[in-house]
Every structure is written in C-alpha cells, then in structure tokens.
Amino acid sequence: MTPEHDLGRLLSGMRPELHPGRYVFTTVPAAVPPGLAPVVTVTEDEGLTLVVRREEADGAGLAYDYVAGRITLRVHSALAAVGLTAAVAAALADAGISCNVVAGHHHDHLFVPYERADEAVALLQELAERAG
C-alpha cells in the first residue's frame, strides 16, 4: 500500500477505529518490565515511557494519571504528509478534547480521555465526511 500525502484524501479516508479497553501512560527507569506488552514506547532522558493497557499497569504496580481511549486512523498516512495531525488536533481541541498523537509507520494513533473516546470518534467521522 502506498502512503497517502494529500490532506484531503487523508482526512476523507481516516476511518477512525476505537480499540477496546483503557490505556495509560507510565514510565519505568530502563527496560520494559516482564509481562507488559506496550503499544508505544518512547525513550526519554527521564526514563522509558510506556503506553499499556490499564490492567497491565495495575498488575505491575505502575503509577499513571491519564486513562485514555486509543483511536487508530486507518488511512495509510505518509510520515512526510502535512496537515493531518493539525486538522485532527484542531477538531478535537475545538470540542475541548485533549489528544496525544503517536505516528506509526502505517497509521496515526490517538490517545484521548477514555470517557470522551466515543465522542472523539464521532467528531473525526464528521471531519472525514466534510472532507470527502
């Protein structure tokens, strides 16, 4: 599949998909603890940030303060594409919904407050329809 660069096609083809479950951001000093399967890892000076299912964090005794829903934009976005993140963030910000975006090689993944995840998906679907 060829990655998409055109903003109009990126927006109209988003197809936001809400994954089941709750996800949390936590941090550990170095390596991923045994038994955890993070969906995201980020190495920072302060430690290793992990995004994991809340049940995994609870089972490992890891602290967190943000519980998120995970939305994947099913369009295959090019890493060099311009404007998708800005458009998505603006639509959610206009509704007062925080959004943490992680770009994968094929898709963008959004982490929004869990209790507003369904609303975020609906807003993104509306944005896609307007762009189409």
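Quick notes on this structure:
- Screening residue 49 against (1) touching a Phe, Trp or Tyr at 6+ places or on another chain (Cβ under 7 Å); (2) open to solvent by 40 Å² or more (accessible area, probe 1.4 Å) leaves a single unmet condition, (2).
- Selection status of residue 41, at pLDDT 95 or above and either of a type in the set (Ser, Thr, Tyr) or over 16 Å from residue 127 (Cβ atoms) (or both): yes
- Residue check, residue 37 free of Cβ contacts under 8 Å to residues at least 40 places away in the same chain and assigned to a loop (DSSP other than H, G, I, E, B): yes
- Selection status of residue 119, more than 21 Å from residue 10 (Cα to Cα) and open to solvent by 60 Å² or more (accessible area, probe 1.4 Å): no
- Segment 66-98, residues that are among the basic types (Lys, Arg) and closer than 24 Å to residue 49 by Cα: 70
- Taken across segment 1-10, residues that are under 18 Å from residue 130 (Cβ atoms) and assigned to a strand (DSSP E or B) do occur, with at least one present.
The values are calculated or read from the model by the stated rules, or taken from the named source; none is laboratory data. Being a predicted model, the structure only gives us computed values, none of them experimental. Using ideal geometry, Cβ is built from the backbone for each residue, glycine included, and neighbour counts are taken over all protein chains shown. Ligands, DNA and RNA are stripped out before the accessible areas are found, and what is left, the full protein with its side chains, is counted by its heavy atoms. Shrake-Rupley method; radii C 1.70, N 1.55, O 1.52, S 1.80 Å.
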